[in-house]
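The values are calculated or read from the model by the stated rules, or taken from the named source; none is laboratory data. Since the model is a prediction, treat every value here as computed from it, not as a measurement. Note that each Cβ is placed from the backbone with ideal geometry, even for glycine, and that neighbours are counted across all protein chains shown.
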Amino acid sequence: MTRSIFKCAFVNKRIGILGSTGSIGCNTLEVITNLNNNGYNCEVVFLSANNRIEILRKQVDKFHPAFVYIRNKKKAQEFKSIIGGKTKVISGEEDLSGLVKFEHYDVLVNALVGFAGLKPTIEAIKSGKYIALANKEVLVVAGALVNKLLDHHNIQLIPIDSEHSAILQCLLGEQYKSISKIILTASGGPFRTKTRDQIKDATVVEALNHPNWNMGDKITIDSATMMNKGLEVIEAKWLFNIDVNNIEVIIHPQSIIHSFVEFSDSSIKAQLGVPDMKIPIQFALTYPERVQSDFPKLNFNELKDLTFEKPDLDKFECLKIAFETIKAGGTYPIVMNAANEVAVDLFLKNKIGFYGISDIIRKSLEKHNNKNDFSLEDILEIDNQTRTEILNSF
Ligand code: MG
């Protein structure tokens, strides 16, 4: 294992955040406040948002970034007219690309959702930026390519995803040859105790009602279908260079143990904590150091049970598809991801039922001619083609 991911701490702390008004973005800014209260000197250089300019305005007033990028051009104009001070407002795909290549920052926190985060991540790596990655779809569609670029540019990429942060923490001080298995924990989402029959007519509101984590819509639906865990298996494969046959998924409804690593001597390490994303975000920004915080602490006196269940693959059809897709490899994960993003969006718009999501993904995969060698252009084309084909049938 020679991945540069585990080499050294971030030295400089000039930070750019993509997706600053989402759940991870807002938590990242709270973490930055905590770090600055504890002797760090973190500067927020830029923020990006799609269209939530009310939240963005508060962030700008507090952190005074040099730039804000707003994807929605109308909202960008509106924001320009209300914002004073030195912050420059930009919009448009070329400006986003220019922003991540900006010379005067060190760490890119990618808290974007979905495939949209791929190009900015690649551009940031090529520009020598450290990456704190919450956007798992980047590794799902382009893990091999991203790893090659990280090695080539000697760049460190640290996961923000709680499970992957847990694994990274379990691996500190260990030798890679000693790892025998990674066990990813999953909450099981809002439908863990429901039957397939009860879920099939589930409403958007029911699917968005996650028992433990407070997250954005896309990832919350991915948690309800358990596709999120499928994406995380692929993410783990590329982050830790682990064969997918050595990655297991177990449901742990309390979300206290964030994942396990089993070693060759049968010893197992786990990382625990309350389900609060500020903890893995801060670790990603201070790795391998730990910095004081007043984030909620686990109280064992209040803990009743830590339980585990095997996921039901007939009920969680998306997780079953994900396992098949991961094993088939090649370009299949690109198709699975694109189909999932479109299908989740259709479900959120009440255009399909809950199992319509897995139906759409399966149909897209069945049509696809798999390739084992592929470039960034291929990835962009396959993603686009998959989306277009699905949308054309609606
Ligand atoms: Mg996760």
Next item on the list: Those residues that are in contact with a helix residue (DSSP H, G or I) (Cβ under 7 Å, 6 or more places away or on another chain) and within 16 Å of the ligand (Cβ to nearest atom), I need them from the stretch 170-207; list them, please.
Entry: Ile182, Leu184, Thr185, Ala186, Ser187, Gly189, Pro190
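What is the residue count in the stretch 170-184 for residues that are assigned to a helix (DSSP H, G or I) and modelled with pLDDT of 95 or more? Walk me through how you get there before you give the answer.
Step one: list which residues in the stretch 170-184 are assigned to a helix (DSSP H, G or I), which gives 170-171, 176-178.
Now restrict to residues that are modelled with pLDDT of 95 or more: 170-171, 178.
Count: 3.
Within the stretch 236-263, track down each residue that is out of contact with any strand residue (DSSP E or B) (no Cβ under 7 Å at 6 or more places or on another chain) and either part of a helix (DSSP H, G or I) or among the small types (Gly, Ala, Ser) (or both). Even if it seems obvious, please write down each step before you answer.
The initial filter retains those residues of the stretch 236-263 that are out of contact with any strand residue (DSSP E or B) (no Cβ under 7 Å at 6 or more places or on another chain), namely 238, 241, 243-245, 253-255.
Of everything in the stretch 236-263, those that are out of contact with any strand residue (DSSP E or B) (no Cβ under 7 Å at 6 or more places or on another chain) and either part of a helix (DSSP H, G or I) or among the small types (Gly, Ala, Ser) (or both) turn out to be Trp238, Val244, Asn245, Ser255.
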Note to self: Which numbered condition in (1) crowded, with 17+ Cβ neighbours inside 10 Å; (2) out of contact with any helix residue (DSSP H, G or I) (no Cβ under 7 Å at 6 or more places or on another chain); (3) over 25 Å from Ile361 (Cα atoms) is the only one that Asp294 fails?
What the structure shows: (1)
Item checked: Residue tally, condition within 14 Å of the ligand (Cβ to nearest atom) and of a type in the set (D, E, K, R), over the stretch 127-169 -> 4
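Against the definition (touching a strand residue (DSSP E or B) at 6+ places or on another chain (Cβ under 8 Å), surrounded by 15 or more Cβ atoms within 10 Å (Cβ to Cβ), in contact (Cβ under 8 Å) with a residue 60 or more places away in the chain and not assigned by TED's automatic domain parsing to the domain that holds Asn337), how does Ile125 come out, yes or no? Before you say what the answer is, go through the steps one by one.
Numbers: touching a strand residue (DSSP E or B) at 6+ places or on another chain (Cβ under 8 Å): yes; surrounded by 15 or more Cβ atoms within 10 Å (Cβ to Cβ): yes; in contact (Cβ under 8 Å) with a residue 60 or more places away in the chain: no; not assigned by TED's automatic domain parsing to the domain that holds Asn337: yes.
When the stated conditions are applied, Ile125 does not pass them.
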Next item on the list: Among the residues of the stretch 113-127, count how many are assigned to a loop (DSSP other than H, G, I, E, B) and either among the aromatic types (Phe, Trp, Tyr) or modelled with pLDDT under 95 (or both).
Entry: 1
Next item on the list: Have a look at Leu112, Leu35, Leu118 and point out the one that is in contact with a strand residue (DSSP E or B) (Cβ under 6 Å, 6 or more places away or on another chain) and either of a type in the set (D, E, K, R) or surrounded by 15 or more Cβ atoms within 10 Å (Cβ to Cβ) (or both).
Entry: Leu112
Notebook entry, point to check: Looking at Ser48, is it assigned by TED's automatic domain parsing to the domain that holds Leu29 and either surrounded by 20 or more Cβ atoms within 10 Å (Cβ to Cβ) or in a loop (DSSP other than H, G, I, E, B) (or both)?
Noted result: yes
Check: Does the stretch 195-227 hold any residues that are part of a helix (DSSP H, G or I), touching a residue at least 60 places away in the same chain (Cβ under 8 Å) and buried (at least 22 other Cβ atoms within 10 Å of the Cβ), and which are they?
Finding: Ala207, Ile219, Ile221, Asp222, Ala224, Thr225, Met227
